[in-house]
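Notes to accompany the following structure.
The values are calculated or read from the model by the stated rules, or taken from the named source; none is laboratory data. Note that the coordinates shown come from a computational prediction; the quantities given were computed from them, not determined experimentally. Quick reminder, even Gly has a Cβ in these numbers, built from the backbone with ideal geometry, and neighbours come from all protein chains shown. All accessible areas refer to the heavy atoms of the entire protein, side chains included, with ligands and DNA or RNA removed. Shrake-Rupley method; radii C 1.70, N 1.55, O 1.52, S 1.80 Å.
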Amino acid sequence: MSKIGIIGIGHVGSHVASAILQQGLCDTLVLIDKDEKKAIAHGYDLVDASPYYPIQTKIKCNDYSELKDADIVVISVAGSIVCESRLKETQTSIECCDEVIPLLLKSGFHGIVLSITNPCDIVANYIALKTGLNVIGSGTTLDSSRLKTLIAIELGINPNSVNAFMLGEHGDSQFPYLSNANVCGKPISEFKLDLNKIVHQTRFRAVPIFDSKHCTEFGIGTCAAKLIKAILTDSKELLPVSYFVDNYGVNHVYLSLPCFVGKSGVISRPDLSFTNEELAQLLNCSNVIQTKLKEFLK
């Protein structure tokens, strides 16, 4: 089996842990948090459901040395959450990462990092440059799930029948890849849908959730587990994750594009055909991410 570590056991990290255990994805799970008592409490809480998990998983807490032989480490540390713009979270998120990066490197960890801390693409890019590790950002995995779900609701069908992606940045500059979107092979443009409305709802889906309960957690927790499973099972599934991009006029920056994900992380990317408008939106995402990232790489 496998070992997974999660650094940052708040709302998001704890739901990642729960999704991992409910799907039986590893036989050892390491929970680490700056608030050590909270990590231990989550460990107890998760252990209490052991009889109902698919497999028995050992849960260990607050020991970075346990990450040395981990297959995957999830970074879900976070500072203050600013719902109106994920970019405003950059400063505190980078500060949190600067605290854990030396400890992660000291542990001897050499597996795959799955970064889900916001702003996702910037933070993943930063961790990759600072550590030299194989880092994947969850990117627009959740945004694409939201887009598929909203389209499916309008059509009264199963979301799995919808093939559509949000791309670029897990933030306000994200854009829909509508030129390639389809339902069972039929172009999305042939359906009677208010796509502008659906895309707007997708882009700002987190706002009403945050306004009511001050966090999002179930969606990203499930998406993280999906990515972890793709890596551990070497599924080579096409998923919109954030990784280094060096084509389409983009120069070596993390952007979310469809990637084949497997045991070595991002295995490859299909060549995409963009409309001029989509390409302009992709380049805008690149500029947003690069501009913000440069502030923290001086």
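Applying the Karplus parametrisation 6.51 cos²θ - 1.76 cosθ + 1.60 with θ = phi - 60° to the phi angles of region 187-193, what ³J(HN,Hα) value in whole Hz is obtained for each residue in order, glycine and proline being reported as x?
Residue by residue, region 187-193 yields x, 4, 5, 8, 9, 7, 9 Hz.
Tell me the net charge near Tyr243. Cut-off is 14 Å between Cβ atoms, Tyr243 excluded, with +1 for each Lys or Arg and -1 for each Asp or Glu.
With Lys, Arg at +1 and Asp, Glu at -1, the net is -2.
I need the P(r) histogram for region 210-298: all alpha carbon pairs, bin width 5 Å from 0 out to the longest distance, whole percents.
3, 12, 18, 18, 15, 19, 12, 3, 0
Taking the solvent-accessible surface of protein heavy atoms with a 1.4 Å probe, what is the per residue accessible area of the chain in Å²?
That works out to 46 Å² per residue.
Considering only the other residues whose Cβ falls under 13 Å of the Cβ of Lys3, what net charge follows from Lys and Arg at +1 and Asp and Glu at -1?
Charge balance in the 13 Å sphere: -2.
Let me check against my output: what whole-number percent is the relative contact order of the chain, with C-alpha pairs under 8 Å and at least 6 apart?
This gives 17 percent for the chain.
How big is the Rg/Rh ratio for region 169-227, C-alpha atoms only, Rh by Kirkwood, two decimals?
Here Rg/Rh amounts to 1.04.
Just reorder Tyr126, Tyr243, Tyr53 by solvent-accessible area, largest first, 1.4 Å probe, all chains present.
Heavy-atom accessible area, descending, gives Tyr243, Tyr53, Tyr126.
How high is the relative contact order of region 236-298, given as a whole-number percent (alpha carbon pairs under 8 Å, six or more residues apart)?
Relative contact order here is 28 percent.
Between region 273-295 and region 132-193, what is the C-alpha centre distance in whole Å?
Value for the Cα centre distance between the two parts: 18 Å.
Rounded to the nearest 10 Å², what accessible area does Leu283 show when all protein chains are kept and the probe is 1.4 Å?
70
Going by amide H atoms built from the backbone, whose H comes under 5 Å of the H on Ile267, apart from near neighbours?
Amide H to amide H, under 5 Å and 5 or more residues apart or across chains, Ile267 pairs with Phe260, Val261, Gly262.
Among residues other than Arg146 whose Cβ falls under 12 Å from its Cβ, what is the net charge (Lys/Arg +1, Asp/Glu -1)?
Value of the local net charge: +2.
So what's the back-of-envelope 222 nm ellipticity for the chain, counting only DSSP H runs of four-plus at -39500 (n - 2.57) apiece and dividing by all residues, rounded to 500?
My calculation for the chain gives -13000 deg cm²/dmol from helical runs alone.
Using modelled amide H (1.01 Å from N, peptide plane; none on Pro or chain starts), what sits under 5 Å from the amide H of Val253, excluding residues fewer than 5 places away?
Residues meeting the amide H criterion: Val245.
Sorting Arg205, Arg146 by accessible area (1.4 Å probe), largest first, what list results?
Sorted descending by solvent-accessible area, the residues read Arg205, Arg146.
Given points 7 Å out from each Cα along the Cα-Cβ axis, report the Lys186 to Val207 separation in nanometres with one decimal.
3.2
Bin width 10 Å, alpha-carbon pairs only: give the P(r) of region 138-185 as whole percents, running from 0 to the bin holding the largest distance.
30, 54, 16
Might you work out the accessible area of His110 for me, using a 1.4 Å probe with all protein chains in place, and round it to the nearest 10 Å²?
140
Grab the Cα-Cα distance for Gln23 and Ser50, subtract it from 0.36 nm times how many residues apart they are, and report the gain in nm with one decimal.
Gain in length upon complete extension: 8.5 nm.
Seen from all sides and averaged, what is the projected area of the convex hull of the Cα atoms in region 27-174, in nm²?
10.8
Can you pull a Stokes-Einstein diffusion coefficient for the chain at 20 °C (1.002 mPa s), Rh from Kirkwood over Cα pairs, as a whole number of µm²/s?
110
Could you pull out every whole DSSP H run in the chain that spans at least 20 Å of Cα extent along its own axis and averages -0.5 or higher on the Kyte-Doolittle scale?
Length and hydropathy pass: 90-106, 141-155, 218-232, 276-294.
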